[in-house]
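Reviewing the structure listed below.
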Amino acid sequence: MTYSVKEIFYTLQGEGGQAGTPAVFCRFAGCNLWTGREQDRPNAICQFCDTDFVGTDGTLGGKFATADELAERILSQWPADDSRHRMVVLTGGEPLLQVDPALIAALHARGFRISVESNGTVAAPEGIDWLCISPKAGADWIQRSGQELKLVWPQPTFDLAAIEASTEFQHYFLQPMDNAQQGSNIAACIAQCMQRPGWRLSLQTHKLTGIR
């Protein structure tokens, strides 16, 4: 298959259970919950996305004909003098529309630990080392297990107790929605975590620090 990639860059993971960890980010183009066009946002299932995933014109973006070609491009961004800590974050858009066993194998062959950030509407293939699911209200939530559940809060219809009872994740995070009500959203997340100690607070540290 041909992989459509918006951008590839080296940075620190900014949020969730692996915040602060160096990683190569590979952002796939396209999503099944929003076109990425502002004119379509009001009618999209997910209306709060803060990411540009349209096209293949970002840093090192493009069309990659094979899994090995894409894996080599990702490897080229990792520090040359380190081979022990390689981590890649496959994100989007919705990466599981494109991530397949061939790409997983190609990245593992190059020593990468594979992290995926998904909205949970597509079943994940085997072999992903760290699966982070961030479900969206109104979307079919299929992938209900993994290493990390990261719920942007607040969202309508989600019940935290019901989520805990019906899913299997190692870590549960609430992340304040980044909008005009962010201050009250942070307070709401803190209150929920205090009330339900199984949940932890996730902040977008890349926005706080100014890194990519």
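Shape of region 68-140 from the C-alpha gyration tensor: prolate (a/c of 1.5 or more and a/b above b/c, with a ≥ b ≥ c the square roots of its eigenvalues). Placing +1 on the Cβ of every Lys and Arg and -1 on the Cβ of every Asp and Glu, with nothing else charged, gives the chain a dipole about its Cα centre of roughly 300 debye.
With the highest mean first, a sort of the peptides 73-82, 25-34, 118-127 on other beta-carbon atoms found within 10 angstrom per residue produces 25-34, 118-127, 73-82. Each of TRP130, TRP141 was scored by other Cβ atoms within 10 Å of its Cβ. Arranged with the fewest first, they read TRP141, TRP130. Modelled spin labels at ALA102 and PHE9, positioned 7 Å past Cα toward Cβ, are 2.9 nm from each other.
Distance between the pseudo-spin-label points of ILE45 and SER166 (7 Å out from Cα toward the beta carbon): 1.5 nm.
Exposure proxy ranking for SER4, SER83, based on other Cβ atoms within 10 angstrom of each Cβ and starting from the fewest, stands as SER83, SER4. Listed by chain and number, the aspartates and glutamates placed with their C-alpha closer than 18 angstrom to that of LYS150 are GLU15, ASP50, GLU94, GLU117, ASP129, ASP140, ASP159, GLU164, GLU168, ASP178; residues fewer than eight positions away on the same chain are left out. Ranking of GLU168, GLU72 by neighbouring Cβ atoms within 10 Å, starting from the fewest: GLU168, GLU72. Test of understanding: what is the full-extension gain from ALA123 to ALA19, defined as 0.36 nm times their sequence separation minus their Cα-Cα distance? Fully extending the segment from ALA123 to ALA19 adds 35.0 nm.
Laboratory data are not the source of any read-out in this text; all were calculated from the coordinates shown. As the structure is a prediction and not an experimental result, all values here were calculated from the model. Reconstructed Cβ throughout: ideal geometry from the backbone, glycine too, with neighbour counts over all protein chains shown.
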